[in-house]
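Written out below as structure tokens is the structure these notes cover.
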Amino acid sequence: MNVRIGSKKVNSVLRPSGVKTLSPRGAIKPTGPWSVAVRAGDFIYIAGMRGIDPETNALVRGDTDRIRQAFLNMKLIAESAGATLRDCVRVIVYTTDMDRLRPVANKVQEELWGEGPYPPRTIVEVRRLHQDDILEVEGTFFAPLRKRTARARAALSTR
């Protein structure tokens, strides 16, 4: 089923539970039995994204460019479902070399988010990632199906 969110068309499959599997145009293609993202109510859960160029399906060269591409892959999926990076409520980063790559991930995240506030983030060093990649990032986004009115947002901000 194709769903239109704003001006974007998103391929989705609605499960009996109401959870929608998302497969937006321009996103990487899953290489196994997994989905790139799902929408469950007002939340979007994005699977671990790596620095894969969606057009070539190849890993991007260079640490900074590859890490940026992983975050951009997550951003594209979030935006296809009506969220922005500012709607991110949790980020989990897996890296194969904390000392070398954590500063690069920090730099890329600052570049993409601009000045804070930043979402809560967990970064974990792992022994190995698929294809001997260097970093994988997953995110959870809050993207209400019904946009809040300005009055409702103001009421929430005064609490």
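The values are calculated or read from the model by the stated rules, or taken from the named source; none is laboratory data. From a predicted model like this one, the values you see are computed outputs, not experimental measurements. Counting neighbours? That spans all protein chains shown, and the Cβs are built from the backbone with ideal geometry, glycine included.
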Given (1) assigned to a helix (DSSP H, G or I); (2) at positive phi, where does G26 come up short, assuming only one miss? (1)
Do we have any residue at all in region 145-156 that's in a loop (DSSP other than H, G, I, E, B), of a type in the set (A, V, I, L, M, F, W, C) and modelled with pLDDT under 95? yes
Counting just the residues of region 111-136 that are in a loop (DSSP other than H, G, I, E, B) and of a type in the set (A, V, I, L, M, F, W, C), which one comes out farthest from V60 (Cα to Cα)? V126
Would you please name the residue that is surrounded by the most Cβ atoms within 10 Å (Cβ to Cβ), looking only at residues in region 92-106 that are among the hydrophobic types (A, V, I, L, M, F, W, C) and assigned to a helix (DSSP H, G or I)? A105
Which one of these is over 20 Å from R128 (Cα atoms), touching a helix residue (DSSP H, G or I) at 6+ places or on another chain (Cβ under 7 Å) and either crowded, with 17+ Cβ neighbours inside 10 Å or at pLDDT 95 or above (or both): I46, I77? I46
Here are some conditions: (1) of a type in the set (K, R); (2) at pLDDT 95 or above; (3) more than 12 Å from the chain's Cα centre (by Cα). R25 meets all but one. Which one does it not meet? (2)
Could you check region 33-86 and list, in sequence order, the residues that are among the charged types (D, E, K, R), part of a helix (DSSP H, G or I) and either in contact with a strand residue (DSSP E or B) (Cβ under 8 Å, 6 or more places away or on another chain) or without any contact (Cβ under 8 Å) to a residue 60 or more places away in the chain (or both)? D65, R66, R68, K75, E79, R86
Output the number of the condition that E136 fails; it satisfies all remaining conditions of (1) touching a strand residue (DSSP E or B) at 6+ places or on another chain (Cβ under 8 Å); (2) under 30 Å from G41 (Cβ atoms); (3) without any contact (Cβ under 8 Å) to a residue 60 or more places away in the chain. (3)
Among R146, R102, R128, R90, which is in contact with a strand residue (DSSP E or B) (Cβ under 7 Å, 6 or more places away or on another chain), farther than 16 Å from I46 by Cα and of a type outside the set (S, T, N, Q)? R102
Restricted to region 2-22 and to residues being modelled with pLDDT under 80 and of a type in the set (D, E, K, R), the residue farthest from A143 (Cα to Cα) is R15
